[in-house]
Amino acid sequence: MQQLRKDNHYVPRLYLKQWARSGKIPTYRLLVPSGNCPLWKDHSIKGIAFHQHLYTYVAGQGETDEFERWLDREFENPAEEAIDRVINDQRLTPQHWSQLIRFLAAQDVRTPVRLKEFLARQSKTLLPLINETLTSSVAELEKAARIGVHFSAPKRDVNDLFPFKVTIASDVDGGGIIRAEAVAGRQLWLACSRHMLTRTISHLIAHRWTILHAPDGITWPTSDNPVIRLNFADAYNYDFLGGWGRHNGEILLPLSSKHLLYTKIGNSRPLPRGTTLNEDTASLVRRMIIENADRFVFAQEEGDIHRIRPRTVCSETFKREKLAWQNWHQEQSKVEADFLR
């Protein structure tokens, strides 16, 4: 029986090792409890960018880490050779390109940043969506009943199951009340992430991708939120609110301190692989990587990162966030177990 994976790395170790020095990765923390904390600290790759039970959830037979293992099997491990070939400037086959894009997709959906965005969005949209879906479904069923059409229950694919429960309380006169329930939490986030990585991912695969290089004198860091979904007007007007299919949007992922996976959506003629960016553009990319970080920046060279992105010093915020992650698994597991009853 496999041991449950508790430490869920939201930035894979095989990726972070590209920025390591002697097995340690220099880390700049963006939220600290005290100004006495050093700006930079070396961490083991195993001991950073993870939360316990981030992807664990309660299923029929108890806790499962199948989502973590699925990411590892389908997205991380297949990309390791492709990343190595990029860093060593070796030839890439179409399969290698596909593996890189799939790695980027998984990296984009799996971070705490995306979790927080998802929960905030669902708190506004989930209830209206349930009501709209329920109303339209009942109308369709009533129409079918009037004309004598019978529906058979669809086959349920466990990989596509969303935490969604429907109950019907029948009346003696043939009517009744139908009730739909869903919980905006960990399991719904994982279900939606799986949907993106099995269905929506086709948008990413269709784009034209390239590998760009940093010029001499400039190195790129990475972060705990390394995929940049960029809307860009000019060097002073841009944001990170893009998506996988937005026309003229750009998507970037540093693969090493010198290599950047890149696409511009809708651009049929990308820069040739191996193009070295000019100093101004490469410096702007560096700034964007730092600005897009959530809680950690990782870099081989510290430089002026602390000036580009000053850290937040707040004991209360640090403690509150630490406590929230400590309680994460227990709170989510209770909700998931209650929902199964």
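The values are calculated or read from the model by the stated rules, or taken from the named source; none is laboratory data. Because the structure is a prediction, the values reported are computed rather than measured. We place every Cβ from the backbone using ideal geometry, glycine too, and count neighbours over all the protein chains shown.
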Matching option when the condition is surrounded by fewer than 20 Cβ atoms within 10 Å (Cβ to Cβ) and touching an Asp or Glu at 6+ places or on another chain (Cβ under 7 Å), among ASP304, ASP294: ASP294
What do you reckon, is LEU212 surrounded by 14 or more Cβ atoms within 10 Å (Cβ to Cβ), among the aliphatic types (A, V, I, L, M) and either touching a strand residue (DSSP E or B) at 6+ places or on another chain (Cβ under 6 Å) or at pLDDT below 80 (or both)? yes
Limited to region 244-296, what total is found for residues that are free of Cβ contacts under 8 Å to residues at least 60 places away in the same chain and in contact with a Pro (Cβ under 6 Å, 6 or more places away or on another chain)? 1
Give the residues of region 55-97 that are among the hydroxyl-bearing types (Ser, Thr, Tyr) and either more than 25 Å from LEU261 (Cβ to Cβ) or in contact with a helix residue (DSSP H, G or I) (Cβ under 8 Å, 6 or more places away or on another chain) (or both), sorted by residue number. TYR55, THR56, TYR57, THR64
Could you grab me the full set of residues in region 279-320 that are assigned to a helix (DSSP H, G or I), within 27 Å of ILE211 (Cα to Cα) and hydrophobic (A, V, I, L, M, F, W, C)? ALA282, LEU284, VAL285, MET288, ILE289, ILE290, ILE305, ILE308
Inspect all residues belonging to region 187-200 and state whether any of them is of a type outside the set (Phe, Trp, Tyr) and assigned to a loop (DSSP other than H, G, I, E, B). no
Select the strands (runs of 3 or more DSSP E) contained entirely in region 1-119, then report the ones holding at least 2 residues which are surrounded by fewer than 17 Cβ atoms within 10 Å (Cβ to Cβ) and either among the hydroxyl-bearing types (Ser, Thr, Tyr) or at positive phi (or both). 62-64
If I filter region 236-252 down to residues being part of a strand (DSSP E or B) and over 18 Å from the mean Cα position of the chain (by Cα), which single residue comes out as nearest to VAL109 (Cα to Cα)? TYR238
Determine which single condition ASN231 fails, assuming it passes every other condition in (1) at pLDDT below 95; (2) in the same structural domain as ARG91 (by TED's automatic domain parsing). (1)
